[in-house]
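Here is the structure we will look at, set down as structure tokens.
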Amino acid sequence: MEAPQSARGAQPRLGLPNLGLGVGLRSTHFQHILEHGPGVDWFEVISENFIDNHGHARHVLETVADRVPVVLHGVSLSIGSTDALDFGYLAKLKQLATDVKPAWISDHLCWTGVASVNSHDLLPLPLTEESLRHVTARVEQVQDFLDRPLILENPSTYMQFRQSSMPEWEFLGRLAERTGCGLLLDVNNVHVSAFNHGFDAADYIARLPHDRIVQIHLAGPTDCGAYLVDTHDHPVPEPVWQLYALAQRLTGGVATLLEWDGKIPPYPELLAELDKARTVLAGRMPAPVAAAPGLPDTVRSTPVDFCLGGTDDLSVAA
């Protein structure tokens, strides 16, 4: 397998650089980072944790942003909802970006609420032409408001819609082509969704527009037997490392972020897990990617019908 020999130095895409290897900035590690330094090439921060926050956490963010690049990663944009875009939230996000100057801003291809009710979850869309037109218009509005490209992540999913008329990789590719947005490829989410729904994770990654991918997420899911859950509380499993190697080869090398949000280990242990990515980038592991095995019908997720009511509404929420 050919792979980039370094975490840095690939051709920038969308004018955005390969930042190298990074981790999420989490409060449990603040003191260690302040005392010993970042120890990584960059940090990803959850936007909502720092909007309207001018206390110690904001001090830590500004301190590390003076030393290494940061990226803002949101969970509240709700780009797929039928609710109007929240321009109050977007204004605060834009101000945060003005203050800390992130390399880019990302969020998820999902919806998080409807009728002004926030589910606090990243919920899937029906992948239809109507949804694609709806999300395209909203992405264009967000990019115009923020005056920068939006980077969208593929979510982990646990159900599918009967209305869907295209695979997720096609939806993301067409969305990126229409809007100029970038993609955040979460290879763990691909692994989780592929296991849950019985599709080929390697084929999914191979069919994405690789010149639009600006970042990769790594994480460890929870194995519940019949399905996987994206919990970010385990080491990265071998199948995800295999998908990561494939993605880095196909993209030519993009920024890597290790997510770990539950049962968070001490910072040195987190960095040791991240350091495995260097081994992958050097081409020494893991084994070649095999096609994802099919799952018996008894454990496949079942497509379901969801609609917001009237025929004028998009089927984008439950």
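The values are calculated or read from the model by the stated rules, or taken from the named source; none is laboratory data. No experiment lies behind these values; they were computed from the predicted model shown. Note that we place each Cβ from the backbone using ideal geometry, even for glycine, and neighbour counts take in every protein chain shown.
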Self-check item: Subset tally (residues that are more than 29 Å from Pro102 (Cα to Cα), out of contact with any Cys (no Cβ under 9 Å at 6 or more places or on another chain), touching a residue at least 40 places away in the same chain (Cβ under 8 Å) and not small (Gly, Ala, Ser)) for region 161-185
Solution: 3
Quiz item: So which residues in region 65-80 are among the β-branched types (Val, Ile, Thr) and assigned to a loop (DSSP other than H, G, I, E, B)?
Solution: Val68, Val75, Ile79
Quiz item: Hey, does region 213-231 have a residue that's within 23 Å of Trp104 (Cβ to Cβ) and modelled with pLDDT under 95?
Solution: yes
Self-check item: Residue within region 255-263 that is farther than 21 Å from Arg212 by Cα, modelled with pLDDT under 95 and not small (Gly, Ala, Ser) present
Solution: yes
Self-check item: Cβ pairs under 9 Å, 6+ apart, first in region 128-139 and closer than 14 Å to Leu172 by Cβ, second in a helix (DSSP H, G or I) and aliphatic (A, V, I, L, M)
Solution: Leu132/Leu175; Val135/Leu175; Thr136/Leu175; Val139/Leu175
Practice problem: State the number of residues belonging to region 165-190 that are buried (at least 22 other Cβ atoms within 10 Å of the Cβ) and among the β-branched types (Val, Ile, Thr). | Solution: 2
Practice problem: Give region 26-62 a look and list any residue that's assigned to a loop (DSSP other than H, G, I, E, B) and without any contact (Cβ under 8 Å) to a residue 24 or more places away in the chain, or say none. | Solution: Asn53, His54, Gly55
Quiz item: Between residues in region 186-200 that are without any contact (Cβ under 8 Å) to a residue 40 or more places away in the chain and residues that are β-branched (Val, Ile, Thr), which pairs lie under 6 Å by C-beta distance while being six or more apart or on different chains?
Solution: Ser193/Thr157
Exercise. Out of the residues in region 203-227 that are touching a residue at least 60 places away in the same chain (Cβ under 8 Å) and of a type in the set (A, V, I, L, M), state the one that is farthest from Val45 (Cα to Cα).
Key: Ala226
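Quick grid of which residues meet (1) farther than 23 Å from Val190 by Cβ; (2) surrounded by fewer than 19 Cβ atoms within 10 Å (Cβ to Cβ); (3) more than 20 Å from the chain's Cα centre (by Cα):
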position: Val45; (1), (2), (3): yes, no, no
position: Asp52; (1), (2), (3): yes, yes, yes
position: Ala57; (1), (2), (3): yes, yes, yes
position: Asp83; (1), (2), (3): yes, yes, yes
position: Tyr89; (1), (2), (3): yes, yes, no
position: Ile105; (1), (2), (3): no, no, no
position: Ser131; (1), (2), (3): no, no, no
position: Val135; (1), (2), (3): no, no, no
Quiz prompt | Unmet criterion (only one of (1) surrounded by fewer than 18 Cβ atoms within 10 Å (Cβ to Cβ); (2) at pLDDT 95 or above) for Gly113 | solution = (2)
Quiz item: Just for helices (runs of 4 or more DSSP H) wholly inside region 148-265: which have at least 3 residues that are within 19 Å of Arg278 (Cβ to Cβ)?
Solution: 238-251
Quiz item: Would you say Thr298 is among the hydroxyl-bearing types (Ser, Thr, Tyr), at pLDDT below 90 and farther than 27 Å from Ile79 by Cα?
Solution: yes
Quiz item: Taking region 175-207, which residues are under 21 Å from Ile79 (Cβ atoms) and not aliphatic (A, V, I, L, M)?
Solution: Glu177, Arg178, Thr179, Gly180, Cys181, Gly182, Asp186, Asn188, Asn189, Ser193, Tyr204
Quiz item: Of all residues in region 231-272, which are farther than 26 Å from Asp200 by Cα, more than 18 Å from the chain's Cα centre (by Cα) and of a type outside the set (Lys, Arg)?
Solution: Ile264, Pro265, Pro266, Tyr267, Pro268, Glu269, Leu270, Leu271, Ala272
Practice problem: Inspect all residues belonging to region 254-262 and state whether any of them is under 30 Å from Phe30 (Cβ atoms), crowded, with 20+ Cβ neighbours inside 10 Å and without any contact (Cβ under 8 Å) to a residue 40 or more places away in the chain. | Solution: no
Quiz item: Looking at (1) among the β-branched types (Val, Ile, Thr); (2) outside any loop (DSSP other than H, G, I, E, B); (3) under 22 Å from Asn196 (Cβ atoms), can you tell me which one Val142 breaks?
Solution: (3)
